[in-house]
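Peer 1: I'd like to ask you about the structure that follows.
Read the figures in this text as sums done on the coordinates, not as results from a lab. Since this is a predicted model, take the numbers as computed values, not measurements. Neighbour counts run over all protein chains shown; Cβ positions are idealised from the backbone, glycine included.
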Amino acid sequence: MLNLKVAFFATTSNMDSGASWSLLRMIINLHKNGITPIVFLQKHGNIEEKLNAYNIKYYVIPEYCYDTWIRNIGENINIKYKCKQLVKKYINFVSYLKIKKIVKEEKVNLIHLNGLPTFLGAKVAKNSNIKLVWHIREFMGDDLGLEFVNNQEAKNLISESNAIVVVSNAVGRSFNNFVKNPNKIHVVYNGLEVEKYYKKRKIFSDSNSMTISIIGRLVPQKGQLDLLKAVKYLKDNVKKNTTINIIGASTSYLNVLKKYSKENSLNVNFINYTSHIETYMQKSDVICVCSKKEAFGRVTIEGMLSGACVVGSRSGGTPELIDDSINGYLYGPNNLKELSNILEHIYTNQLEAQRVAEKGQLFAKNNFTDKKNAQNILSLYKKIM
């Protein structure tokens, strides 16, 4: 058993993102294997309830990544922006000193960053001669619309990691030419709490109706509007029997989706994000993953485990999870007519869809457990220590 004290740096403090759930399950299982975890949060949030429930020690220290480390592509760099940036840099410097002091007092052996929207931990690791693992769960530009404020600084800092964990081969390829030593990149797929999502069942309990769910942040990159447009293309007899659940935390984009649904007489339920997302998945016939470019596709695996038939875009990490027409269905990126045809095929070939869903469930159950994920991370720790 490897006895290490590891400081984990979270990128978000709420449990409404796949990154938070993946981090939590990873920490819980690493803890069972001898790792003593300490978590650094950038601000207060409901992840604290989970950490307290598992007696995991944590600190809340502000870290302003936006505008100092990363920013929105096309950001308007004006005087107001630069003034805010200076204030954030000062706060970050104070936070860096606090983190460095805590890391020394806690006798931390290794620092593990849970994504690209955090960087102070990397600077502490560099200046304290502590091993660093950087977990990359995003493409940046293609999925989040983000870029580094200083590309060269980011390249240098990330490249100094002892190991770089990516959540899919697709993410790994996107950073091969960015980091100085691509041999540091290791693919470790996310792990899930299988028993939370798993349900052995039959889809299409009512053969005359189809329930489709799409889960994720309500932003254009997640493709909710694409799904609505694809359903609009369905034959009238299929469309009128189709219900769509759009599940995600409310944003201004919600109004765009509601307007389109109303104008096209689509049967849509808008459901705010819930930590018990599995209850909706287990009542869905189809789960659609319409993201422009999903780094891993946690919802893909959740959907498979729930017993639904999963349909995803042939982009990002999704094709690594879905074997077309075997354990799910793939459609070409932005090819809404193909997506519509697949949905219609599922509705009219329900026995085939059931077989595909069952194979997807078995595939997810066998390959994406949180225990397996933790063992892979633990092996990596042993390799670099």
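Peer 1: Of the beta bridges DSSP finds with both residues in the chain, what % are antiparallel, to the nearest 5?
Peer 2: In the chain, approximately 5 percent of DSSP beta bridges are antiparallel ones.
Peer 1: Another question, then. Let me check I've understood the local charge: for Val356, count other residues with C-beta under 11 angstrom from its C-beta, Lys and Arg +1, Asp and Glu -1. What total comes out? Each step should come with its number before you reach the end.
Peer 2: Numbers: positive: Arg355, Lys359; negative: Asp323, Asp324, Glu352, Glu358.
My count for the surroundings of Val356 gives -2.
Peer 1: Where does the chain land at 222 nm, in deg cm²/dmol rounded to the nearest 500, when only DSSP H runs of n ≥ 4 count, each adding -39500 (n - 2.57), divided by all residues?
Peer 2: -12500 deg cm²/dmol
Peer 1: If the cut-off is a Cα-Cα distance under 16 Å, which lysines reach Lys365, setting aside same-chain residues fewer than 8 apart in sequence?
Peer 2: The reachable lysines, counting only those whose Cα sits under 16 Å from Lys365, are Lys196, Lys199, Lys200.
Peer 1: Please report, largest first and rounded to whole Å, the three semi-axes of the ellipsoid equivalent to the stretch 33-148, where each semi-axis is the square root of five times an eigenvalue of the C-alpha gyration tensor.
Peer 2: Largest first, the stretch 33-148 gives 26, 17, 15 Å.
Peer 1: Taking the Cβ of Lys184 as the centre, find all other residues whose Cβ is under 14 Å away and add up their charges (Lys, Arg: +1; Asp, Glu: -1).
Peer 2: With Lys, Arg at +1 and Asp, Glu at -1, the net is +3.
Peer 1: Could you let me know the centre-to-centre spacing of the stretch 319-334 and the stretch 164-195, using Cα atoms, in angstrom?
Peer 2: Each part reduced to its Cα centre gives a spacing of 20 Å.
Peer 1: Hey, what does the equivalent ellipsoid look like for the chain, semi-axes from the Cα gyration tensor as sqrt of 5 times each eigenvalue, largest first, whole Å?
Peer 2: For the chain, the ellipsoid semi-axes come out as 38, 24, 18 Å.
Peer 1: Now for a different question. State the Cα centre-to-centre distance between the stretch 91-105 and the stretch 112-156 in whole Å.
Peer 2: Rounded to whole Å, the Cα centres lie 17 Å apart.
Peer 1: About its Cα centre, how strong a charge dipole does the chain have in debye, to the nearest 20, once Lys and Arg get +1 and Asp and Glu get -1 at the Cβ?
Peer 2: Once rounded to the nearest 20, the dipole reads 960 debye.
Peer 1: Under a Cβ-only charge scheme (Lys and Arg +1, Asp and Glu -1), can you give me the dipole magnitude of the stretch 194-367 about the Cα centre, in debye to the nearest 20?
Peer 2: Values: 24 positive and 16 negative charges, 80 e Å.
Dipole about the Cα centre, nearest 20: 380 debye.
Peer 1: By how many nm would the segment from Asn176 to Thr274 lengthen if fully extended, with 0.36 nm per residue of separation less the alpha-carbon distance?
Peer 2: Additional length available on full extension: 31.7 nm.
Peer 1: From the Cα gyration tensor of the stretch 194-367, with a ≥ b ≥ c the square roots of its eigenvalues, which class applies: rounded if a/c is under 1.5, or else prolate if a/b is larger than b/c, or else oblate?
Peer 2: rounded
Peer 1: Place a point 7 Å from the Cα of Asn169 along the Cα-to-Cβ direction; which residues of the stretch 315-343 have their backbone N under 19 Å from it?
Peer 2: The answer is 315-333.
Peer 1: Consider a paramagnetic label point 7 Å from the Cα of Thr243 along Cα→Cβ; state which residues of the stretch 283-317 have an amide N under 14 Å from it.
Peer 2: Label zone hits: 283-286.
Peer 1: Sticking with this structure for a sec: Going by Cα centres, the stretch 1-48 and the stretch 368-385 are how many Å apart?
Peer 2: 14
Peer 1: Right, another one. Using Cβ contacts closer than 10 Å as the measure, can you line up Tyr59, Tyr64 from fewest to most?
Peer 2: Sorted ascending by nearby Cβ count, the order is Tyr59, Tyr64.
Peer 1: What aspartates and glutamates does Lys82 reach when the alpha-carbon gap must be under 13 Å and sequence neighbours fewer than 8 apart in one chain are set aside?
Peer 2: The reachable aspartates and glutamates, counting only those whose Cα sits under 13 Å from Lys82, are Asp67.
Peer 1: Right, something else. Give me the distance in nm between label points sitting 7 Å out from Cα along the Cα-to-Cβ direction at Thr348 and Tyr66, one decimal.
Peer 2: Computed distance between label sites Thr348 and Tyr66 equals 4.6 nm.
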